[in-house]
1. With all protein chains present and a 1.4 Å probe, how do A:K306, A:K157, B:K83 order by accessible area, largest first?
2. Taking 0.36 nm per residue of sequence separation and subtracting the Cα-Cα distance, how much length would be gained by fully extending the chain between A:E95 and A:Q235, in nm to one decimal?
3. At B:S2 and A:A273, where each label point lies 7 Å from the Cα along Cα→Cβ, what is the point-to-point distance in nanometres?
4. Let me check I have the definition right: for the protein assembly as shown, take the eigenvalues of the Cα gyration tensor, multiply each by 5, take square roots. What are those semi-axes in whole Å, largest first?
5. By how many degrees, 0 to 90 and rounded to 10, does the Cα axis of helix B:151-165 deviate from the longest principal axis of chain B?
6. Under 5 Å between amide H atoms, partner at least 5 residues away or on a different chain: which partners does A:I21 have, H built in plane at 1.01 Å?
7. Along segment A:272-284, what does the Karplus equation 6.51 cos²θ - 1.76 cosθ + 1.60 (θ = phi - 60°) give for ³J(HN,Hα), rounded to whole Hz, x for Gly and Pro?
8. Of the heavy-atom accessible surface of chain B (probe 1.4 angstrom), what whole percent is carbon and sulfur?
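The values are calculated or read from the model by the stated rules, or taken from the named source; none is laboratory data. What you are looking at is a predicted structure, and each value in this text was computed from that prediction instead of being measured. Quick reminder, even Gly has a Cβ in these numbers, built from the backbone with ideal geometry, and neighbours come from all protein chains shown. Remember, those area values only see protein heavy atoms, side chains included, never the ligands or the DNA or RNA. Shrake-Rupley method; radii C 1.70, N 1.55, O 1.52, S 1.80 Å.
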Amino acid sequence: MTDVKNLEELFQAKIDAEQKIEPKDWMPDAYRKNLIRQISQHAHSEVVGMLPEGNWITRAPSLKRKAILLAKVQDEAGHGLYLYSAVETMGTSREQTIDDLLSGKAKYSSIFNYPTLSWADIGAIGWLVDGAAIMNQVMLCRTSYGPYARAMVRICKEESFHQRQGYEIMAVLAKGSPEQKEMAQDALNRWWWPSLMMFGPTDANSPHSEQSMKWKIKRQSNDELRQTFIDRTVQQAEVIGLSIPDPDLKWNEETQHYDWGEIDWTEFNNVVAGNGPCNKERLAARNKAHNDGAWVREAALAYAAKKAKRKAA
Amino acid sequence: MSSKLLTYTLRLADDILILSQRLGEWCGHGPVLEEDIALTNRALDHLGEARNLLTYAGQVEGKGRSEDDLAYLRMERQYTNVKLVEQPNGDYAHTMVRSFLFDAYHLPLMQALTKSKDEQLAAIAGKSVKEATYHLRASSEWIIRFGDGTEESHQRAQAALEDLWTYTGELFEGDAVLEEMTSAGMAPDIASIKEAWSKTVDQVLAEATLKRPADAFMMTGGRKGLHSEHMGFILAEMQHVTRAYPGVEW
Ligand SMILES: [Fe+2]
Ligand SMILES: [Fe+2]
(Lines give C-alpha, C1' and ligand atoms only; values in the text may rest on other atoms or scores of the structure.)
(Ligands and ions follow the chains in the order given, each with its own letter.)
Protein backbone atom coordinates (compact mmCIF):
# COMPACT_ATOMS: atom_id res chain seq x y z
CA MET A 1 0.00 0.00 0.00
CA THR A 2 2.75 2.43 0.99
CA ASP A 3 4.55 1.47 -2.20
CA VAL A 4 1.69 2.52 -4.41
CA LYS A 5 1.30 5.68 -2.39
CA ASN A 6 4.96 6.47 -2.90
CA LEU A 7 4.69 5.76 -6.58
CA GLU A 8 1.71 8.04 -6.84
CA GLU A 9 3.56 10.80 -5.07
CA LEU A 10 6.53 10.38 -7.38
CA PHE A 11 4.21 10.37 -10.36
CA GLN A 12 2.50 13.57 -9.28
CA ALA A 13 5.86 15.18 -8.51
CA LYS A 14 6.99 14.40 -12.02
CA ILE A 15 3.89 15.98 -13.44
CA ASP A 16 4.24 19.01 -11.22
CA ALA A 17 7.81 19.37 -12.47
CA GLU A 18 6.46 19.42 -16.06
CA GLN A 19 8.15 16.15 -17.00
CA LYS A 20 6.39 13.99 -19.59
CA ILE A 21 5.01 10.59 -18.66
CA GLU A 22 6.24 7.95 -21.10
CA PRO A 23 4.68 4.54 -21.92
CA LYS A 24 7.11 2.55 -19.73
CA ASP A 25 6.72 4.82 -16.71
CA TRP A 26 4.59 3.78 -13.79
CA MET A 27 1.20 5.50 -13.82
CA PRO A 28 -1.95 5.21 -11.72
CA ASP A 29 -4.62 2.99 -13.24
CA ALA A 30 -7.07 5.85 -13.30
CA TYR A 31 -4.63 8.02 -15.25
CA ARG A 32 -4.18 5.24 -17.81
CA LYS A 33 -7.93 4.65 -18.09
CA ASN A 34 -8.69 8.33 -18.38
CA LEU A 35 -6.15 8.75 -21.17
CA ILE A 36 -7.22 5.65 -23.08
CA ARG A 37 -10.76 6.98 -22.99
CA GLN A 38 -9.77 10.46 -24.06
CA ILE A 39 -7.29 9.54 -26.80
CA SER A 40 -9.48 6.86 -28.31
CA GLN A 41 -12.46 9.23 -28.32
CA HIS A 42 -10.25 11.71 -30.06
CA ALA A 43 -9.11 9.10 -32.62
CA HIS A 44 -12.70 8.05 -33.31
CA SER A 45 -13.68 11.69 -33.79
CA GLU A 46 -11.04 12.11 -36.48
CA VAL A 47 -12.28 9.03 -38.32
CA VAL A 48 -16.02 9.60 -37.94
CA GLY A 49 -15.39 13.24 -38.85
CA MET A 50 -14.34 12.07 -42.31
CA LEU A 51 -17.95 11.13 -43.05
CA PRO A 52 -19.78 14.48 -42.99
CA GLU A 53 -16.99 16.10 -44.99
CA GLY A 54 -16.44 13.15 -47.31
CA ASN A 55 -20.12 13.60 -48.11
CA TRP A 56 -19.20 16.64 -50.24
CA ILE A 57 -16.10 15.44 -52.07
CA THR A 58 -17.99 14.32 -55.16
CA ARG A 59 -20.00 17.55 -55.17
CA ALA A 60 -17.38 20.22 -54.42
CA PRO A 61 -18.22 23.15 -56.71
CA SER A 62 -14.74 23.68 -58.16
CA LEU A 63 -11.81 21.37 -58.83
CA LYS A 64 -9.59 23.41 -56.56
CA ARG A 65 -12.06 23.07 -53.68
CA LYS A 66 -12.38 19.37 -54.40
CA ALA A 67 -8.61 18.94 -54.14
CA ILE A 68 -8.44 20.92 -50.89
CA LEU A 69 -11.28 18.91 -49.39
CA LEU A 70 -9.77 15.57 -50.43
CA ALA A 71 -6.50 16.58 -48.83
CA LYS A 72 -8.25 17.69 -45.67
CA VAL A 73 -10.22 14.50 -45.21
CA GLN A 74 -7.02 12.57 -45.88
CA ASP A 75 -5.30 14.55 -43.11
CA GLU A 76 -8.07 13.56 -40.72
CA ALA A 77 -7.49 9.89 -41.52
CA GLY A 78 -3.82 10.46 -40.74
CA HIS A 79 -4.76 12.04 -37.40
CA GLY A 80 -6.83 8.98 -36.63
CA LEU A 81 -3.81 6.77 -37.32
CA TYR A 82 -1.43 8.74 -35.06
CA LEU A 83 -3.96 8.69 -32.28
CA TYR A 84 -4.73 4.98 -32.53
CA SER A 85 -0.96 4.49 -32.25
CA ALA A 86 -0.89 6.68 -29.15
CA VAL A 87 -3.63 4.49 -27.63
CA GLU A 88 -1.56 1.40 -28.44
CA THR A 89 1.30 2.78 -26.34
CA MET A 90 -1.04 2.38 -23.38
CA GLY A 91 -1.50 -1.30 -24.10
CA THR A 92 -4.84 -1.32 -25.94
CA SER A 93 -4.76 -2.73 -29.46
CA ARG A 94 -6.15 -0.79 -32.40
CA GLU A 95 -8.64 -3.63 -33.09
CA GLN A 96 -10.01 -3.42 -29.57
CA THR A 97 -10.26 0.36 -29.73
CA ILE A 98 -12.05 0.24 -33.08
CA ASP A 99 -14.37 -2.54 -31.93
CA ASP A 100 -15.49 -0.28 -29.10
CA LEU A 101 -16.41 2.39 -31.62
CA LEU A 102 -18.25 -0.04 -33.88
CA SER A 103 -20.25 -1.55 -31.04
CA GLY A 104 -21.32 1.92 -29.92
CA LYS A 105 -19.52 1.55 -26.59
CA ALA A 106 -16.96 4.28 -27.25
CA LYS A 107 -17.93 7.89 -27.87
CA TYR A 108 -16.71 10.36 -30.45
CA SER A 109 -17.29 14.08 -30.77
CA SER A 110 -21.02 14.71 -31.07
CA ILE A 111 -20.47 17.44 -33.61
CA PHE A 112 -20.14 14.80 -36.30
CA ASN A 113 -23.67 13.63 -35.67
CA TYR A 114 -24.94 16.72 -37.45
CA PRO A 115 -25.53 16.53 -41.21
CA THR A 116 -23.70 18.51 -43.90
CA LEU A 117 -26.57 19.95 -45.93
CA SER A 118 -24.92 22.45 -48.23
CA TRP A 119 -21.48 23.28 -49.60
CA ALA A 120 -21.23 26.06 -47.02
CA ASP A 121 -21.25 23.42 -44.29
CA ILE A 122 -17.78 22.41 -45.47
CA GLY A 123 -16.68 25.97 -44.83
CA ALA A 124 -18.44 26.08 -41.48
CA ILE A 125 -16.87 22.81 -40.34
CA GLY A 126 -13.37 23.95 -41.21
CA TRP A 127 -13.83 27.34 -39.63
CA LEU A 128 -15.81 26.40 -36.52
CA VAL A 129 -15.27 22.70 -35.89
CA ASP A 130 -11.57 22.57 -36.71
CA GLY A 131 -11.36 25.98 -35.03
CA ALA A 132 -12.86 24.66 -31.81
CA ALA A 133 -10.77 21.50 -32.03
CA ILE A 134 -7.62 23.61 -32.24
CA MET A 135 -8.41 25.32 -28.94
CA ASN A 136 -8.34 21.93 -27.28
CA GLN A 137 -5.46 20.58 -29.27
CA VAL A 138 -3.09 23.50 -28.73
CA MET A 139 -3.58 22.91 -25.04
CA LEU A 140 -3.00 19.17 -25.54
CA CYS A 141 0.38 19.79 -27.18
CA ARG A 142 1.50 20.31 -23.57
CA THR A 143 -0.43 17.43 -22.08
CA SER A 144 1.45 15.27 -19.56
CA TYR A 145 1.46 12.03 -21.56
CA GLY A 146 4.40 12.14 -23.98
CA PRO A 147 3.04 10.19 -27.00
CA TYR A 148 -0.26 12.12 -26.91
CA ALA A 149 1.51 15.47 -26.69
CA ARG A 150 3.78 14.60 -29.60
CA ALA A 151 0.90 13.38 -31.78
CA MET A 152 -0.86 16.68 -31.04
CA VAL A 153 2.07 18.79 -32.20
CA ARG A 154 1.91 17.17 -35.64
CA ILE A 155 -1.86 17.35 -35.77
CA CYS A 156 -2.14 20.99 -34.69
CA LYS A 157 -0.19 22.29 -37.67
CA GLU A 158 -2.63 20.64 -40.05
CA GLU A 159 -5.70 21.67 -38.09
CA SER A 160 -4.84 25.34 -38.26
CA PHE A 161 -4.50 24.93 -42.00
CA HIS A 162 -7.99 23.38 -42.10
CA GLN A 163 -9.39 26.23 -40.05
CA ARG A 164 -8.00 28.83 -42.45
CA GLN A 165 -9.27 26.95 -45.50
CA GLY A 166 -12.75 26.65 -43.99
CA TYR A 167 -12.82 30.33 -43.10
CA GLU A 168 -11.76 31.16 -46.64
CA ILE A 169 -14.67 29.12 -48.07
CA MET A 170 -17.02 31.12 -45.85
CA ALA A 171 -15.39 34.44 -46.78
CA VAL A 172 -15.79 33.73 -50.50
CA LEU A 173 -19.44 32.74 -50.03
CA ALA A 174 -20.18 35.72 -47.81
CA LYS A 175 -18.99 38.16 -50.43
CA GLY A 176 -20.54 36.18 -53.29
CA SER A 177 -24.09 36.24 -54.65
CA PRO A 178 -27.05 36.76 -52.28
CA GLU A 179 -27.78 33.01 -52.50
CA GLN A 180 -24.22 32.18 -51.55
CA LYS A 181 -24.28 34.57 -48.63
CA GLU A 182 -27.55 33.05 -47.47
CA MET A 183 -26.00 29.58 -47.73
CA ALA A 184 -23.06 30.72 -45.58
CA GLN A 185 -25.28 32.35 -42.95
CA ASP A 186 -27.51 29.29 -42.79
CA ALA A 187 -24.47 27.07 -42.23
CA LEU A 188 -23.22 29.35 -39.46
CA ASN A 189 -26.67 29.31 -37.88
CA ARG A 190 -26.74 25.54 -37.79
CA TRP A 191 -23.13 24.91 -36.73
CA TRP A 192 -22.62 27.67 -34.16
CA TRP A 193 -24.26 26.11 -31.14
CA PRO A 194 -23.06 22.55 -31.77
CA SER A 195 -19.53 24.00 -32.07
CA LEU A 196 -19.83 25.59 -28.64
CA MET A 197 -21.01 22.23 -27.29
CA MET A 198 -17.75 20.68 -28.51
CA PHE A 199 -16.02 22.07 -25.42
CA GLY A 200 -18.13 19.80 -23.25
CA PRO A 201 -20.29 20.48 -20.21
CA THR A 202 -19.82 23.59 -18.09
CA ASP A 203 -17.05 23.36 -15.51
CA ALA A 204 -19.64 22.95 -12.79
CA ASN A 205 -21.00 19.84 -14.53
CA SER A 206 -17.78 18.32 -15.80
CA PRO A 207 -17.10 15.09 -13.92
CA HIS A 208 -13.59 14.33 -15.21
CA SER A 209 -12.21 17.83 -15.32
CA GLU A 210 -10.70 18.41 -11.91
CA GLN A 211 -8.59 15.26 -11.89
CA SER A 212 -7.55 15.86 -15.51
CA MET A 213 -6.29 19.32 -14.56
CA LYS A 214 -4.34 17.94 -11.61
CA TRP A 215 -2.69 15.37 -13.88
CA LYS A 216 -2.11 18.09 -16.47
CA ILE A 217 -3.90 16.07 -19.10
CA LYS A 218 -5.92 19.25 -19.47
CA ARG A 219 -4.60 22.67 -18.63
CA GLN A 220 -7.60 24.86 -19.25
CA SER A 221 -11.20 24.26 -18.30
CA ASN A 222 -14.04 23.71 -20.76
CA ASP A 223 -15.49 27.13 -20.02
CA GLU A 224 -12.17 28.94 -20.45
CA LEU A 225 -11.56 27.31 -23.82
CA ARG A 226 -15.12 28.00 -24.94
CA GLN A 227 -14.81 31.68 -24.04
CA THR A 228 -11.53 32.05 -25.95
CA PHE A 229 -13.16 30.43 -28.97
CA ILE A 230 -16.17 32.73 -28.83
CA ASP A 231 -14.07 35.88 -28.46
CA ARG A 232 -11.99 34.96 -31.45
CA THR A 233 -14.76 33.66 -33.70
CA VAL A 234 -17.18 36.56 -33.18
CA GLN A 235 -14.55 38.90 -34.57
CA GLN A 236 -13.88 36.63 -37.52
CA ALA A 237 -17.58 36.54 -38.35
CA GLU A 238 -17.73 40.33 -38.26
CA VAL A 239 -14.86 40.62 -40.72
CA ILE A 240 -16.73 38.64 -43.37
CA GLY A 241 -20.13 40.13 -42.59
CA LEU A 242 -21.89 37.11 -41.11
CA SER A 243 -23.86 37.29 -37.89
CA ILE A 244 -23.58 34.94 -34.93
CA PRO A 245 -27.01 33.43 -34.18
CA ASP A 246 -27.12 34.51 -30.54
CA PRO A 247 -29.34 37.48 -29.56
CA ASP A 248 -27.65 37.68 -26.16
CA LEU A 249 -24.20 38.10 -27.58
CA LYS A 250 -22.55 41.39 -26.57
CA TRP A 251 -19.14 42.76 -25.70
CA ASN A 252 -18.53 43.22 -22.00
CA GLU A 253 -16.12 46.10 -21.32
CA GLU A 254 -15.60 45.02 -17.76
CA THR A 255 -14.57 41.41 -18.41
CA GLN A 256 -13.08 42.19 -21.84
CA HIS A 257 -14.95 39.17 -23.16
CA TYR A 258 -18.19 38.57 -25.00
CA ASP A 259 -21.24 37.69 -22.94
CA TRP A 260 -23.35 35.13 -24.69
CA GLY A 261 -26.57 33.12 -24.42
CA GLU A 262 -27.39 29.74 -22.97
CA ILE A 263 -26.41 26.46 -24.65
CA ASP A 264 -29.33 24.09 -25.12
CA TRP A 265 -28.04 21.32 -22.87
CA THR A 266 -31.08 19.16 -23.57
CA GLU A 267 -30.00 18.99 -27.19
CA PHE A 268 -26.42 18.30 -26.12
CA ASN A 269 -27.46 15.43 -23.87
CA ASN A 270 -29.73 14.03 -26.55
CA VAL A 271 -27.00 13.91 -29.16
CA VAL A 272 -24.52 12.39 -26.68
CA ALA A 273 -27.15 9.79 -25.82
CA GLY A 274 -27.35 8.75 -29.48
CA ASN A 275 -30.35 10.76 -30.61
CA GLY A 276 -28.62 13.30 -32.85
CA PRO A 277 -29.66 13.72 -36.47
CA CYS A 278 -26.98 11.33 -37.81
CA ASN A 279 -25.79 9.11 -34.94
CA LYS A 280 -27.25 5.99 -36.53
CA GLU A 281 -25.96 6.79 -40.01
CA ARG A 282 -22.43 7.50 -38.80
CA LEU A 283 -22.13 4.27 -36.87
CA ALA A 284 -23.76 2.31 -39.67
CA ALA A 285 -21.30 3.77 -42.19
CA ARG A 286 -18.31 2.85 -40.01
CA ASN A 287 -19.66 -0.65 -39.49
CA LYS A 288 -20.34 -1.13 -43.18
CA ALA A 289 -16.82 -0.03 -44.14
CA HIS A 290 -15.40 -2.37 -41.52
CA ASN A 291 -17.52 -5.36 -42.52
CA ASP A 292 -17.13 -4.84 -46.26
CA GLY A 293 -13.39 -4.56 -45.72
CA ALA A 294 -13.05 -7.76 -43.70
CA TRP A 295 -12.17 -9.96 -46.69
CA VAL A 296 -9.63 -7.38 -47.86
CA ARG A 297 -7.83 -7.40 -44.51
CA GLU A 298 -7.98 -11.20 -44.39
CA ALA A 299 -6.52 -11.47 -47.89
CA ALA A 300 -3.66 -9.13 -46.97
CA LEU A 301 -2.87 -11.19 -43.86
CA ALA A 302 -3.13 -14.50 -45.70
CA TYR A 303 -0.84 -13.30 -48.45
CA ALA A 304 1.71 -11.90 -45.99
CA ALA A 305 1.73 -15.24 -44.14
CA LYS A 306 2.23 -17.21 -47.38
CA LYS A 307 5.03 -14.92 -48.42
CA ALA A 308 6.79 -15.25 -45.07
CA LYS A 309 6.45 -19.03 -45.23
CA ARG A 310 7.89 -19.18 -48.74
CA LYS A 311 10.79 -17.01 -47.66
CA ALA A 312 11.51 -19.27 -44.71
CA ALA A 313 11.32 -22.43 -46.86
CA MET B 1 -4.08 20.60 -85.77
CA SER B 2 -5.15 22.50 -82.68
CA SER B 3 -8.59 20.89 -82.74
CA LYS B 4 -6.93 17.44 -82.78
CA LEU B 5 -4.69 18.48 -79.91
CA LEU B 6 -7.73 19.73 -78.03
CA THR B 7 -9.63 16.49 -78.59
CA TYR B 8 -6.64 14.41 -77.55
CA THR B 9 -5.93 16.47 -74.43
CA LEU B 10 -9.56 16.29 -73.35
CA ARG B 11 -9.54 12.50 -73.70
CA LEU B 12 -6.54 12.30 -71.41
CA ALA B 13 -8.14 14.73 -68.98
CA ASP B 14 -11.55 13.07 -68.92
CA ASP B 15 -10.15 9.60 -68.21
CA ILE B 16 -8.26 10.77 -65.20
CA LEU B 17 -10.91 13.18 -63.91
CA ILE B 18 -13.68 10.60 -63.94
CA LEU B 19 -11.46 7.98 -62.33
CA SER B 20 -10.60 10.50 -59.63
CA GLN B 21 -14.29 11.25 -59.11
CA ARG B 22 -15.03 7.55 -58.65
CA LEU B 23 -12.14 7.07 -56.23
CA GLY B 24 -13.29 10.08 -54.23
CA GLU B 25 -16.49 8.19 -53.45
CA TRP B 26 -14.41 5.84 -51.27
CA CYS B 27 -13.19 8.55 -48.96
CA GLY B 28 -14.15 7.60 -45.40
CA HIS B 29 -15.36 4.14 -46.42
CA GLY B 30 -12.12 2.26 -47.14
CA PRO B 31 -11.44 -1.28 -45.87
CA VAL B 32 -8.77 -0.05 -43.44
CA LEU B 33 -7.59 3.43 -42.51
CA GLU B 34 -4.28 3.11 -44.38
CA GLU B 35 -6.17 2.24 -47.57
CA ASP B 36 -8.52 5.15 -47.07
CA ILE B 37 -5.45 7.37 -47.11
CA ALA B 38 -3.98 5.59 -50.14
CA LEU B 39 -7.22 5.83 -52.13
CA THR B 40 -7.58 9.50 -51.36
CA ASN B 41 -4.00 10.01 -52.43
CA ARG B 42 -4.73 8.30 -55.72
CA ALA B 43 -7.82 10.46 -56.22
CA LEU B 44 -5.78 13.58 -55.45
CA ASP B 45 -2.96 12.68 -57.84
CA HIS B 46 -5.44 11.96 -60.63
CA LEU B 47 -7.30 15.18 -59.93
CA GLY B 48 -4.05 17.15 -60.07
CA GLU B 49 -3.22 15.67 -63.47
CA ALA B 50 -6.75 16.27 -64.71
CA ARG B 51 -6.57 19.92 -63.68
CA ASN B 52 -3.30 20.42 -65.56
CA LEU B 53 -4.75 18.80 -68.66
CA LEU B 54 -8.05 20.69 -68.52
CA THR B 55 -6.31 24.01 -68.05
CA TYR B 56 -4.14 23.22 -71.04
CA ALA B 57 -7.15 22.11 -73.10
CA GLY B 58 -8.75 25.48 -72.34
CA GLN B 59 -5.65 27.27 -73.59
CA VAL B 60 -5.49 25.15 -76.75
CA GLU B 61 -9.13 25.88 -77.44
CA GLY B 62 -8.54 29.60 -76.98
CA LYS B 63 -12.08 30.50 -75.97
CA GLY B 64 -11.25 31.37 -72.39
CA ARG B 65 -12.71 28.23 -70.83
CA SER B 66 -11.19 27.37 -67.46
CA GLU B 67 -10.59 23.94 -65.93
CA ASP B 68 -13.89 24.36 -64.08
CA ASP B 69 -15.83 25.37 -67.20
CA LEU B 70 -14.61 22.21 -68.88
CA ALA B 71 -15.23 19.95 -65.88
CA TYR B 72 -18.56 21.34 -64.73
CA LEU B 73 -20.28 22.64 -67.82
CA ARG B 74 -19.94 19.83 -70.33
CA MET B 75 -22.61 17.14 -70.63
CA GLU B 76 -22.19 13.38 -71.10
CA ARG B 77 -21.99 13.63 -74.87
CA GLN B 78 -19.09 16.05 -74.61
CA TYR B 79 -17.12 13.88 -72.22
CA THR B 80 -14.72 11.54 -74.03
CA ASN B 81 -13.38 9.27 -71.30
CA VAL B 82 -13.26 5.51 -71.73
CA LYS B 83 -16.10 3.59 -70.14
CA LEU B 84 -13.68 1.70 -67.88
CA VAL B 85 -13.21 4.66 -65.55
CA GLU B 86 -16.92 5.39 -65.15
CA GLN B 87 -17.72 1.86 -63.96
CA PRO B 88 -19.02 1.78 -60.37
CA ASN B 89 -16.61 1.14 -57.52
CA GLY B 90 -18.21 -2.19 -56.61
CA ASP B 91 -16.22 -4.12 -54.01
CA TYR B 92 -12.58 -3.36 -53.34
CA ALA B 93 -11.55 -5.97 -55.92
CA HIS B 94 -13.48 -4.13 -58.65
CA THR B 95 -12.00 -0.81 -57.60
CA MET B 96 -8.45 -2.16 -57.54
CA VAL B 97 -8.77 -4.16 -60.76
CA ARG B 98 -10.21 -1.09 -62.49
CA SER B 99 -7.27 0.98 -61.26
CA PHE B 100 -4.75 -1.72 -62.11
CA LEU B 101 -6.02 -2.07 -65.68
CA PHE B 102 -5.89 1.68 -66.03
CA ASP B 103 -2.52 2.17 -64.27
CA ALA B 104 -0.87 -0.44 -66.49
CA TYR B 105 -1.90 1.73 -69.46
CA HIS B 106 -1.39 5.11 -67.82
CA LEU B 107 2.24 4.64 -66.79
CA PRO B 108 3.67 3.71 -70.22
CA LEU B 109 1.46 6.38 -71.77
CA MET B 110 2.83 9.07 -69.46
CA GLN B 111 6.40 7.84 -69.93
CA ALA B 112 6.03 8.02 -73.70
CA LEU B 113 4.25 11.37 -73.59
CA THR B 114 7.25 12.96 -71.89
CA LYS B 115 8.81 12.73 -75.37
CA SER B 116 5.86 14.42 -77.06
CA LYS B 117 6.68 17.21 -79.48
CA ASP B 118 3.99 19.17 -77.72
CA GLU B 119 5.97 20.73 -74.90
CA GLN B 120 2.99 21.26 -72.62
CA LEU B 121 1.83 17.66 -72.85
CA ALA B 122 5.40 16.50 -72.30
CA ALA B 123 5.67 18.70 -69.22
CA ILE B 124 2.35 17.52 -67.78
CA ALA B 125 3.31 13.89 -68.38
CA GLY B 126 6.70 14.53 -66.79
CA LYS B 127 4.97 15.61 -63.60
CA SER B 128 2.79 12.48 -63.59
CA VAL B 129 5.35 9.72 -64.21
CA LYS B 130 6.50 9.38 -60.63
CA GLU B 131 2.93 9.17 -59.30
CA ALA B 132 1.87 6.82 -62.07
CA THR B 133 4.78 4.52 -61.22
CA TYR B 134 3.69 4.43 -57.61
CA HIS B 135 0.02 3.84 -58.52
CA LEU B 136 0.85 0.87 -60.74
CA ARG B 137 3.07 -0.66 -58.09
CA ALA B 138 0.39 -0.29 -55.42
CA SER B 139 -2.48 -1.64 -57.54
CA SER B 140 -0.30 -4.54 -58.78
CA GLU B 141 0.47 -5.44 -55.17
CA TRP B 142 -3.22 -5.56 -54.36
CA ILE B 143 -4.00 -7.74 -57.38
CA ILE B 144 -1.30 -10.16 -56.23
CA ARG B 145 -2.53 -10.12 -52.63
CA PHE B 146 -6.07 -10.78 -53.78
CA GLY B 147 -5.16 -13.47 -56.28
CA ASP B 148 -2.77 -15.26 -53.96
CA GLY B 149 -4.53 -14.36 -50.70
CA THR B 150 -7.67 -16.24 -49.65
CA GLU B 151 -10.07 -18.21 -51.77
CA GLU B 152 -12.63 -15.46 -51.42
CA SER B 153 -10.25 -12.70 -52.47
CA HIS B 154 -9.09 -14.80 -55.42
CA GLN B 155 -12.66 -15.30 -56.59
CA ARG B 156 -13.53 -11.65 -56.16
CA ALA B 157 -10.47 -10.51 -58.11
CA GLN B 158 -11.15 -12.99 -60.91
CA ALA B 159 -14.78 -11.89 -61.08
CA ALA B 160 -13.74 -8.25 -61.28
CA LEU B 161 -11.33 -9.04 -64.09
CA GLU B 162 -14.05 -10.86 -66.03
CA ASP B 163 -16.46 -7.95 -65.50
CA LEU B 164 -14.05 -5.20 -66.48
CA TRP B 165 -12.08 -6.87 -69.25
CA THR B 166 -14.61 -5.87 -71.89
CA TYR B 167 -13.76 -2.21 -71.18
CA THR B 168 -10.03 -2.53 -71.85
CA GLY B 169 -10.22 -2.53 -75.65
CA GLU B 170 -11.23 1.09 -75.66
CA LEU B 171 -7.94 2.19 -74.11
CA PHE B 172 -6.14 1.24 -77.32
CA GLU B 173 -8.62 2.30 -79.97
CA GLY B 174 -7.18 4.24 -82.86
CA ASP B 175 -8.93 6.88 -84.94
CA ALA B 176 -8.09 9.82 -87.19
CA VAL B 177 -7.35 12.12 -84.25
CA LEU B 178 -4.89 9.72 -82.70
CA GLU B 179 -3.27 8.92 -86.04
CA GLU B 180 -2.64 12.54 -86.78
CA MET B 181 -1.35 13.23 -83.27
CA THR B 182 0.97 10.25 -83.54
CA SER B 183 2.34 11.11 -86.94
CA ALA B 184 3.00 14.66 -85.72
CA GLY B 185 5.08 13.15 -82.90
CA MET B 186 2.73 14.59 -80.28
CA ALA B 187 1.21 11.33 -79.09
CA PRO B 188 2.91 7.94 -78.75
CA ASP B 189 2.12 5.00 -80.98
CA ILE B 190 -0.79 3.33 -79.20
CA ALA B 191 0.34 -0.15 -80.27
CA SER B 192 3.51 0.23 -78.22
CA ILE B 193 1.45 1.27 -75.19
CA LYS B 194 -0.75 -1.77 -75.64
CA GLU B 195 2.29 -3.99 -75.77
CA ALA B 196 3.62 -2.59 -72.50
CA TRP B 197 0.18 -2.88 -70.91
CA SER B 198 -0.25 -6.46 -72.01
CA LYS B 199 3.15 -7.42 -70.63
CA THR B 200 2.43 -5.87 -67.23
CA VAL B 201 -0.99 -7.49 -67.09
CA ASP B 202 0.44 -10.92 -67.89
CA GLN B 203 3.22 -10.60 -65.32
CA VAL B 204 1.01 -9.43 -62.51
CA LEU B 205 -1.81 -11.87 -63.20
CA ALA B 206 0.69 -14.75 -63.33
CA GLU B 207 2.11 -13.83 -59.95
CA ALA B 208 -1.43 -13.41 -58.63
CA THR B 209 -2.41 -16.85 -60.00
CA LEU B 210 -5.30 -15.15 -61.80
CA LYS B 211 -6.46 -15.96 -65.31
CA ARG B 212 -6.30 -13.39 -68.06
CA PRO B 213 -9.78 -13.28 -69.58
CA ALA B 214 -10.13 -14.04 -73.28
CA ASP B 215 -10.41 -11.03 -75.59
CA ALA B 216 -14.08 -11.41 -76.47
CA PHE B 217 -16.37 -8.50 -77.28
CA MET B 218 -14.88 -5.10 -76.43
CA MET B 219 -17.03 -2.14 -75.46
CA THR B 220 -16.60 1.08 -77.37
CA GLY B 221 -18.12 4.55 -77.63
CA GLY B 222 -16.56 6.58 -74.82
CA ARG B 223 -14.23 8.50 -77.09
CA LYS B 224 -17.25 9.58 -79.12
CA GLY B 225 -19.14 10.63 -76.02
CA LEU B 226 -21.33 7.53 -75.97
CA HIS B 227 -21.23 6.40 -72.36
CA SER B 228 -22.84 3.95 -70.02
CA GLU B 229 -25.88 5.09 -68.03
CA HIS B 230 -23.57 5.65 -65.04
CA MET B 231 -22.04 8.70 -66.64
CA GLY B 232 -25.12 10.91 -66.32
CA PHE B 233 -25.27 10.28 -62.60
CA ILE B 234 -21.57 10.90 -62.12
CA LEU B 235 -21.92 14.29 -63.79
CA ALA B 236 -25.21 15.12 -62.10
CA GLU B 237 -23.57 14.64 -58.74
CA MET B 238 -20.35 16.36 -59.66
CA GLN B 239 -21.91 19.36 -61.36
CA HIS B 240 -25.14 20.13 -59.58
CA VAL B 241 -23.97 22.84 -57.16
CA THR B 242 -21.89 24.59 -59.79
CA ARG B 243 -24.73 24.55 -62.29
CA ALA B 244 -27.29 25.69 -59.73
CA TYR B 245 -25.37 28.95 -59.14
CA PRO B 246 -23.98 29.91 -62.53
CA GLY B 247 -21.10 32.31 -62.88
CA VAL B 248 -20.12 32.70 -59.24
CA GLU B 249 -16.81 32.22 -57.45
CA TRP B 250 -16.27 29.39 -54.99
FE1 LIG C 1 -8.02 16.27 -37.32
FE1 LIG D 1 -9.01 18.99 -39.21
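1. The ordering from most to least exposed comes out as A:K157, A:K306, B:K83.
2. 46.1 nm
3. 6.8 nm
4. They are 46, 31, 19 Å, listed from largest to smallest.
5. 40 degrees
6. Excluding prolines and chain starts, which carry no amide H, the hits are A:Y145, A:G146.
7. 3J(HN,Hα) across segment A:272-284, in whole Hz: 4, 6, x, 9, x, x, 10, 3, 5, 4, 5, 5, 5.
8. Working: 5350 of 10070 Å².
Roughly 53 percent, rounded to a whole number.
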